[in-house]
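Q: Dumping the structure here so I can ask a few things about it.
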Amino acid sequence: MDGGVAVDGRLDAFFAGLAQAAPGRLPTQPAGTIRFDLVGAGGEPVVFWVTLADGQVQVGPTGRDPDCVVEMERTAFERLCLGADHLVAMLIRGIVSIEGDLSLLLVFRRLLPPAADSSGPAPLEEVSRHTARAPIALHDATSAFFGNMFLISSRNGDVEAAPTTPLGLFYFDTRFLSTWHLTVDGERLAVLSIDEVHSYEVKFGLVPGQPTHYVSTTTSILRHRWLGESFEEHVTLFNYAPEPVRYTIRLEVGSDFAEVAEIRDGFCRHRDVTTTIDHDSLRLHYRRRTLHRETVITSSEPATIDARGLTFTVTVAPHGTWSTRLRVLTLVRDLRRRDLRERLTSSAHRSRREIGREIEETVAVAPRLTTDHQPLSEAYRRGVDDLAALYYQGLNFRDRLPTTGLPWSMTLLGRESIVSSLQVLPFLPHRAVTTLRILALSQGARMDPFRGEQPGRILQESRYGESAAFNDSPGAADFSAADTTALFVILLDEYERWTGDAALVRAYELEARAAVAWLDTHADPTGTGYVWSTRRQTPTGPVNESWRSSPASVCFRDGRLPTFPQAICEIQGYAYDARLRAARLARRFWGDPAYADHLEREAAALRQRFHRDFWIPERSCYALALQADGKQADGSSSTLGHLLWSGIVPPERAAAVVRHLFGPALWSGWGVRTLAHGDWQYNPLGHHTGAVWPWDNSIIAWGLRRYGFRREAAQLSVALLDAARHFQGRLPAFFAGYDRTTTEVPVPHSFTDSPYAPSAGVPLLLLRVLLGLEPYADHLAVDAGVPEEIGTIELRDVRGRWGYADALGRGRPFRDRPVMA
């Protein structure tokens, strides 16, 4: 194999050549030493030491303890180097053991030979398709989450999950509990009260029997649950009778170990789950070759344990209580049969108090808002709280990484993390730091068509479920997004504009240049100067690589679907903006004015080419996409507003774009639809073919403000805040695109993500838009455009390169003539 590891295991040559291969391929950070223990057929390991520092490699012992120890079979390492497997998939499949700092191994990955094909060795196992969902929606359920562990239950705290209903206890994209059903003397429990104390803690006040019986009942139950490194639930039974009462308390337990993606897409794979009873614990196991998932349930009080649950038979004194503490461990076993959390560099075991303090400290540093407008105040508070909680430890357990949403997106999604980071820069700038760090670490370095990985391309999705582990799907490291790479560069520049953190911009120069190089090369297979989205096959059909990735979301007005590849309009705007921003960074921080000049010329050429090819003169708007033959897909979408945000629209054409956004076909009254009413594929309930996405609309509002359309930006902001009021301040990922004159309230979808980080960021970005907040040199510029109905907005302690500043805006009538009557 050219430059790599031969199949016969000649490892010495590979490691000896690393020092020569390293220049220009490695970032300067992180730095440290990796020890590889590669075990051969005889069981004895061959040991190699690799030290990474300042973009260079040293091979051989250093006399210091390693920062990362990697143990695997020699044949497994050869498969990794040959590109036949992926590091993260191997880790969650349990064939590699890593102790210490995983980030070093992610950097080492850049030194592997560039050719790869890590698709699974066999087709996906037979699955069943389910089209009907159980009769419960998320607004009828109660949830708690911490990191990427979350629990969704019915309102009395029980879990009785169906194949396509996301009830249960989930961790690492897997349902570890699908049944958690508590009864007292055979009776179900009825709800008296629910107290959502924190995002990770809930209390239920309950009585046995029908709700109408609680007036005269002498028995009540309190379920107090919280999530952290495990799931714990305290069950307390109160007996208010004047005599002792004997109770039989039964907890039914079960797990199907289903994946989140299966439940979302309506697929169900059969799994053989085994049960063992080990002293005082009930253990549920699922194994597939080397993969081993285990749920362990224990109780602080004696119980009779069987394969389906725990039974407590107790006598409670008059006016007495009985309680037990139930604990559930979710274990992901590795090569050594240990849990992942036992071996990677961890932020130690944290108590509930420590977990709560961490979230409270994040909330405390956000700017303080005072406003006359209650919906804005409520949405801001809810958004900051959710964003503070939407983090997880990831595989490395070193830094808290941004997670996206519950239930479908409790993991790293590149685009969504970038968007939420952009939205909250004036409020929670650290979210951008963690997003940039993990995306830089996982940036594409190989040519792997199965995952869409290409050198310089930015990761879109990282999953930890079974299909990702066995490469049945590319989820362990999925690069199939055409927009994240440009957005990464945009976030890096915008972060520096707000914070003045020049050191971070210099630290990610290699990654930013590689991202721009991807735009110029692999992103443009046709050589036409555009970023092209290729065809990606999913269980529901072929989709494009934009955020609107439903099968029919990019279309002609008459319903026809364009051929692949597709040049989608808003992605060209992102690429234009990314080049201009990279030029600024190159000129100011990287000491490369010639590169900056080149990027600015490329951006100008792209803008001119875009107007020539995408503009539809007879409709005075831009096409949704181009086919490779240049034919325009003439559907209308909310993404027209993203063109304003990116700045690719000439000022003389901006008003025409705004007229389309606020025309009756796209404007619902609650926001701008993802597809125009009147287009053949339009459906107000369609995820990307008519629904309203709040984050999408917040970007539109930002673009409107950029082009001076204050009135329209305010109109859109007020509509979104009105919608938030109907969701108790927490905007979901999307809601139906029915016209506001038809429905007096925004119509929710049953199973959309909520909380959802890009929606939680909406009220924060709207504040920036309404107050006209922009960094200007080392000062905060404030140019408020607040409508009368919102009244006064006062934002204190806005952090940035200026230190701290306050911003004030008072609601006034707009004097400029509106674009739309």
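Q: With θ set to phi - 60° and the Karplus curve 6.51 cos²θ - 1.76 cosθ + 1.60, what are the ³J(HN,Hα) couplings of the stretch 696-710 in order, to the nearest whole Hz, using x for Gly and Pro?
A: Residue by residue, the stretch 696-710 yields 4, 5, 5, 5, 4, 4, 4, x, 4, 5, 4, 9, x, 8, 5 Hz.
Q: May I pose another question? Which residue, Thr33, Ile438, Gly559, has the largest displacement toward the positive end of the dipole of the chain when charges sit on each Cβ (Lys, Arg +1; Asp, Glu -1)?
A: Gly559
Q: Here's another thing I want to ask about it. How would you rank 378-391, 73-86, highest first, on the average number of other Cβ atoms within 10 Å across their residues?
A: In decreasing order of mean packing, 378-391, 73-86 become 378-391, 73-86.
Q: Still on this structure, please answer the following. Give the distance, in whole Å, between the Cα centre of the stretch 551-605 and the Cα centre of the stretch 375-445.
A: So the two Cα centres are separated by 24 Å.
Q: Right, next: Counting DSSP beta bridges in the chain, what percent are antiparallel, to the nearest 5? It would help to have the intermediate numbers written out before the result.
A: On the way: 141 of 150 bridges.
Counting only bridges with both partners in the chain, antiparallel ones make up about 95 percent.
Q: What ³J(HN,Hα) values, in whole Hz, does the Karplus curve 6.51 cos²θ - 1.76 cosθ + 1.60 give for the stretch 478-486 when θ = phi - 60°, with x put for Gly and Pro?
A: Taking θ as phi minus 60°, the curve returns 9, 9, 7, 9, 8, 10, 5, 5, 5 Hz for the stretch 478-486.
Q: Give the Cα extents of the chain along the principal axes, in whole Å, largest first.
A: 83, 72, 53
Q: Note down the nm distance, to one decimal, between modelled labels 7 Å out along Cα→Cβ at Ala656 and at Glu774.
A: With each label point 7 Å from Cα toward Cβ, the separation is 2.5 nm.
Q: Another question, if that's okay. Give, rounded to the nearest 20 debye, the magnitude of the charge dipole that the chain has about its Cα centre when Lys and Arg contribute +1 at Cβ and Asp and Glu contribute -1 at Cβ.
A: 960 debye
Q: For the chain, build the charge dipole from Cβ charges (+1 Lys, Arg; -1 Asp, Glu) around the Cα centre, then report which of Thr142, Gly785, Met410 sits farthest towards its positive end.
A: Result: Gly785, furthest along the dipole toward the positive end.
Q: With only alpha-carbon atoms counted, please give the Rg and Dmax of the stretch 11-111, in Å.
A: Answer for the stretch 11-111, Rg first and Dmax second: 12.8, 38 Å.
Q: Could you work out the helix-only [θ] at 222 nm for the chain, with each DSSP H run of four or more residues adding -39,500 (n - 2.57) and the total divided by the number of residues, to the nearest 500 deg cm²/dmol?
A: -8500 deg cm²/dmol
Q: Using amide H atoms built 1.01 Å from N in the peptide plane, name the residues 5+ places from Thr411, or on other chains, whose amide H lies under 5 Å from its own.
A: Answer set, sorted by chain and number: Thr404, Gly405.
Q: Quick one: if the Förster radius is 60 Å, what FRET efficiency do Arg506 and Arg188 give, using the C-beta to C-beta distance and rounding to 0.05?
A: 0.45
Q: Please name whichever of Pro61, Ala84, Leu112 sits farthest to the positive end of the charge dipole of the stretch 52-112, dipole taken about the Cα centre and charges placed at Cβ: Lys and Arg +1, Asp and Glu -1.
A: Ala84
Q: Turning to a different aspect of this structure: Given the alpha-carbon gyration tensor of the stretch 144-264, what are the semi-axes of its equivalent ellipsoid in whole angstrom, ordered largest first, with each equal to the square root of 5 times an eigenvalue? Spell out each step's value before the answer.
A: Numbers: eigenvalues 161, 44, 29 Å².
Working through the eigenvalues yields semi-axes of 28, 15, 12 Å.
Q: Would you give the gap between the C-alpha center of the stretch 471-550 and the C-alpha center of the stretch 235-263, rounded to a whole Å?
A: Comparing the Cα centres of the stretch 471-550 and the stretch 235-263, I get a distance of 47 Å.
Q: Next question, about the same structure. Note down the relative contact order for the stretch 352-810 as a percent, whole number, built from C-alpha pairs under 8 angstrom at least six residues apart.
A: With pairs under 8 Å counted, the relative contact order is 17 percent.
Q: Full-extension gain between Gln210 and Val365, please, as 0.36 nm times their residue separation minus the C-alpha to C-alpha distance.
A: Gain on stretching Gln210 to Val365: 51.2 nm.
Q: Grab the Cα-Cα distance for Thr276 and Ala605, subtract it from 0.36 nm times how many residues apart they are, and report the gain in nm with one decimal.
A: Between Thr276 and Ala605, full extension yields 111.8 nm more.
We did not get these values from a lab; they are worked out from the coordinates using the rules stated. Please read all numbers here as calculations on a predicted model, not as lab measurements. Cβ atoms come from the backbone with ideal geometry, glycine included; neighbour counts cover every protein chain shown.
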